[in-house]
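A.B. asks: Take a look at the following structure, please.
All of the numbers you see were taken from the coordinates with simple rules; none came from a lab. Keep in mind the model is a prediction, meaning the values are calculated, not measured. Here Cβ is always computed from backbone atoms with ideal geometry, including for glycine, and neighbour counts include all displayed protein chains.
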Amino acid sequence: GQSLEQPSEVTAVEGAIVQINCTYQTSGFYGLSWYQQHDGGAPTFLSYNGLDGLEETGRFSSFLSRSDSYGYLLLQELQMKDSASYFCAVRSGATNKLIFGTGTLLAVQP
Amino acid sequence: NAGVTQTPKFQVLKTGQSMTLQCAQDMNHNSMYWYRQDPGMGLRLIYYSASEGTTDKGEVPNGYNVSRLNKREFSLRLESAAPSQTSVYFCASSSRQGRADTQYFGPGTRLTVL
């Protein structure tokens, strides 16, 4: 089967850097994705890693180590609007299906 | 483009009632999905459709049926609603030609079963 683990909550202050970790167990690996969801809203795509290394998109970066079955999302220069839930997700086999983690609630404090 | 749209936004049902949740996308995507999200939980896949004319079960299909009416529309039906089906339901779509992990979500339907 497949499972993902990520911390349930993280708190940080405005302007700081925060890292949200995700470890996964999969039967076959086809990439790790990150989604953001504001309270009451729909999930939106943030980042995808298919290979080892760092992907950068503005203030957000995502890292993957396939040998460690581990990835993280790095948020820099935190802003109040970054307060949201962040989900890691892996593909289920060679299909387009995603298996989501239970999410990390990020609270950004002034 | 509207992206992914869902109707209704809110619904209250009594136990045993039936209803259909509607979803449509205008991005010409091949794959469509139905998820449910319970408080403090991640998204769990109910059913998905890899392409028009095909559907397959996800993690939690019991109590639901789906119809891929055409490439644009994918509906979810609850035949006999139960309180355990109280949840937020999200529809999503993705393109096979694009990055397979990029799913686009609708705004959700908040369903309460009494």
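A.B. asks: Mind putting a number on the dipole of the protein assembly as shown about its Cα centre? Charges go on the C-beta only, +1 for Lys and Arg and -1 for Asp and Glu, and I need it in Debye to the nearest 20.
C.D. replies: Dipole magnitude for the protein assembly as shown comes out near 800 debye.
A.B. asks: Residue by residue through B:57-68, how many Cβ atoms from other chains fall within 10 Å of the Cβ on average?
C.D. replies: Counting Cβ atoms of other protein chains within 10 Å of each residue's Cβ and averaging gives 1.
A.B. asks: Treat chain A as a sphere of radius equal to its Kirkwood radius over Cα pairs and apply Stokes-Einstein at 37 °C in a medium of 0.692 mPa s; give the translational diffusion coefficient in µm²/s, rounded to a whole number.
C.D. replies: My calculation gives 236 µm²/s for D.
A.B. asks: With an 8 Å cut-off on Cα pairs and a minimum separation of 6 or more residues, tell me the relative contact order of chain A in percent.
C.D. replies: It comes to 37 percent, rounded to a whole number.
A.B. asks: Can you report the principal axis dimensions of the range B:1-76 using only the alpha carbons, biggest first, rounded to whole angstrom?
C.D. replies: 35, 26, 24
A.B. asks: Taking beta carbons within 10 Å but only from partner chains, what does the mean come to for residues B:28-34?
C.D. replies: 1
A.B. asks: Write down Rg/Rh for the range A:40-91, rounded to two decimals, with Rg from the C-alpha atoms and Rh from the Kirkwood relation over Cα pairs.
C.D. replies: Value, to two decimals: 0.97.
A.B. asks: Sorted by mean Cβ packing within 10 Å, highest first, what order do the peptides B:8-21, B:59-72 take?
C.D. replies: B:59-72, B:8-21
A.B. asks: Another question, then. Inside 10 Å of the C-beta atoms of A:5-17, what's the mean count of C-beta atoms belonging to other chains?
C.D. replies: That average works out to 0.
A.B. asks: Please list 3J(HN,Hα) in residue order for the range B:8-23, calculated via the Karplus relation 6.51 cos²θ - 1.76 cosθ + 1.60 where θ = phi - 60°; whole Hz, with x for glycine and proline.
C.D. replies: Values, residue by residue: x, 7, 9, 7, 10, 10, 9, 3, x, 6, 10, 6, 10, 9, 9, 9 Hz.
A.B. asks: Dividing the convex hull volume of the alpha carbon atoms of the protein assembly as shown by its residue count, what do you get in Å³ per residue?
C.D. replies: Spread over its residues, the Cα hull of the protein assembly as shown gives 121 Å³ apiece.
A.B. asks: Under a point-charge model restricted to the Cβ atoms of Lys and Arg (+1) and Asp and Glu (-1), what is the dipole moment magnitude of chain B relative to its Cα centre, in debye to the nearest 20?
C.D. replies: Its charge dipole is roughly 100 debye.
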